[in-house]
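The values are calculated or read from the model by the stated rules, or taken from the named source; none is laboratory data. Here the structure is a predicted model, which means the values were calculated and not measured. Don't worry about glycine lacking a Cβ; one is built from the backbone with ideal geometry, like all the others, and counts go over all protein chains shown. Accessible surface is based on the protein model in full, side chains and every heavy atom, while ligands, DNA and RNA are left aside. Shrake-Rupley method; radii C 1.70, N 1.55, O 1.52, S 1.80 Å.
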Amino acid sequence: MNPMNKPKWVLLSLILLFLQPVMAAESVIISKYDQAEMKNLVSVNAWLEGTDKSAKATQNTKHSNTASDEETFDQKAALAQKEPVYAVSEQIVMVIEVSTPRWLTGGTRIDSIEIPNVIVKQRNPLATNYTQRRDGQTWSIQRWEITLYPQASGQFHIPPTRVTAQVSAPNGQNVQANLTTPPLAFKASLPSGFLSGDKGWVAASALTASEQWEVSREQGELKVGDSITRSVTLTGTDTLSVLLPPLLAKAESHEPSDSYHRYPKPNALDDSQSRGNYQSSRTEEVVYVLQKGGELHFPDLKLQWWNTKTQQLETLVVEGRRFTVKHTMSSWLSLYGPALFTVLVLLAVGYILVRMMFRYYRTRPTPQWLVFSRALKTKSWATARVLVYRKLRGQTQQLELHQYQASSSWLSLSQRLQQAKLSRAGFICVWLKLKRVTTKGYALPKALPALETINTKNEP
């Protein structure tokens, strides 16, 4: 050790030896003061606040952390009469008020609160300090706010919460007090029958939405390969950003499109407070890379929300937009190529079949149905009648039409055909009605084979 620093260490040791008895005596005085007069020196109040709702319970804090059974029963009875009802996900403000006729000399600490199915946040890290006159005496007051957001219907109990504060005693010393808030309770329920846990909705005192569109091509018509960026910001008052439901992801999760590839960016969540006003926002941004030409429609986005100020169910609408996308050669071939290839294949197959049919019938008789159709086309009614009788004889081995069927409609058709009063549609109807007659699976033998050689070319 440097000899020049030795006097400083000696002086510091003497000061510590002198202060040690004083600090020990002070701790004894503080302990005695806690036991005797703490209940008149500092108190804590707690209550719940919501939109157009309030329920307040107070407790003059004793030097101990527990109350008697009689006090606890009275507190619960009073609390049951003032138990408020809120909407699910509605913001509830739990106010903790620490007051003293002296003044607070140190930081106040509040233990964490845990309630099942309730989100608990201390969004304002600072307390509001003010003074108030009570019975002619000025009190220093600290107001702390803790926000609660119930996530399910039911009854909820807020357990007593420990609060540690430091105040100035009349003798000028700093005294630390362990305070306990009274137990509180509230109920939560769905505010409307049109809302459910499956549908995305939120409760807030105000809710707005804004959107922005950006395109990669500033001038000219959009083409395949360009991109469109859609950004939607949802801003709510008296709610949390994590409670704001997604709009873009929910609207497009059930309706995938082959018109674009979707690339979402991470959501931006923000919670802030200013002078007791709590604001939250959720920003969604998605980039769409265009894959197909034509008309592209982005639908409207709708969100139901419960207005805690007016106690009404409202619908927020974010308008969609239409774009026209122009094809490139590669995108056009990619989109219509399979269909175009299929059409070309069918045309080629059809052409080959027609050529084969012509080749086949160059050395063979022309089919009767084709000859019949040509006769109807040229209005050769006599030839058509001969072809009808030829089919009748070949299919049924009969020579008279009226013997084919006994129905009145068939008799009328056959009579009109014999009288040359049948139209083209009537000829087709008779032709289609003639079916082959078989006996036990075998066709009947031909009769009058000379009819096969009937010359129809010279008939009038």
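Table: residues versus (1) out of contact with any Asp or Glu (no Cβ under 9 Å at 6 or more places or on another chain); (2) at pLDDT 95 or above; (3) open to solvent by 60 Å² or more (accessible area, probe 1.4 Å).
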| residue | (1), (2), (3) |
| --- | --- |
| E255 | yes, no, yes |
| Y260 | yes, no, no |
| P266 | no, no, yes |
| R275 | yes, no, yes |
| V289 | no, no, no |
statement: E114 vs (1) free of Cβ contacts under 8 Å to residues at least 24 places away in the same chain; (2) in contact with a Lys or Arg (Cβ under 7 Å, 6 or more places away or on another chain): all pass except (2)
query: Has segment 338-348 got any residue that is closer than 27 Å to L195 by Cα and open to solvent by 70 Å² or more (accessible area, probe 1.4 Å)?
result: no
- request: Please find, within segment 194-240, the residue that is most open to solvent (accessible area, probe 1.4 Å) out of those that are among the hydrophobic types (A, V, I, L, M, F, W, C) and part of a loop (DSSP other than H, G, I, E, B).
  value: F194
- prompt: Restricting segment 150-167 to residues that are open to solvent by 20 Å² or more (accessible area, probe 1.4 Å) and under 37 Å from the mean Cα position of the chain (by Cα), which is nearest to W103 (Cα to Cα)?
  reply: P159
message: Given the options T315, T310, name the one that is β-branched (V, I, T), open to solvent by 50 Å² or more (accessible area, probe 1.4 Å), within 30 Å of P246 (Cα to Cα) and in contact with a Phe, Trp or Tyr (Cβ under 9 Å, 6 or more places away or on another chain).
response: T315
query: Does S281 satisfy the criteria of being small (G, A, S), free of Cβ contacts under 8 Å to residues at least 60 places away in the same chain and more than 30 Å from F323 (Cα to Cα)?
result: no
task: Please give the number of the condition A447 fails out of (1) modelled with pLDDT under 75; (2) not in a loop (DSSP other than H, G, I, E, B); (3) not hydroxyl-bearing (S, T, Y).
output: (2)
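Looking at segment 142-149, can you tell me whether even one residue there is open to solvent by 40 Å² or more (accessible area, probe 1.4 Å) and on the phi > 0 side of the Ramachandran plot?
no
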- line: Filtering segment 331-389 down to residues that are under 30 Å from G225 (Cα atoms), touching a residue at least 40 places away in the same chain (Cβ under 8 Å) and polar (S, T, N, Q) yields S331
statement: Among F323, F372, the single one that is touching a helix residue (DSSP H, G or I) at 6+ places or on another chain (Cβ under 6 Å) and either surrounded by 10 or more Cβ atoms within 10 Å (Cβ to Cβ) or aromatic (F, W, Y) (or both) is F372
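For (1) assigned to a loop (DSSP other than H, G, I, E, B); (2) basic (K, R), each residue gets a yes or a no:
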residue	(1), (2)
S280	no, no
E284	no, no
K292	yes, yes
H297	no, no
L303	no, no
T310	yes, no
L316	no, no
- line: Scanning segment 291-307 residue by residue, those at pLDDT below 90, open to solvent by less than 30 Å² (accessible area, probe 1.4 Å) and touching a helix residue (DSSP H, G or I) at 6+ places or on another chain (Cβ under 8 Å) turn out to be G293
Qualifying positions in segment 168-193 - closer than 22 Å to T237 by Cα and either open to solvent by 10 Å² or more (accessible area, probe 1.4 Å) or over 42 Å from the mean Cα position of the chain (by Cα) (or both): K187, S189, L190, P191, S192
query: Out of segment 194-222, which residues are polar (S, T, N, Q), at pLDDT 85 or above and within 20 Å of the chain's Cα centre (by Cα)?
result: T208, S210, Q212
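Yes or no, residue by residue, for (1) over 22 Å from V85 (Cα atoms); (2) among the charged types (D, E, K, R); (3) not in a strand (DSSP E or B):
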residue	(1), (2), (3)
V163	yes, no, no
Q166	yes, no, no
P170	yes, no, yes
V175	yes, no, no
N178	yes, no, no
K187	no, yes, no
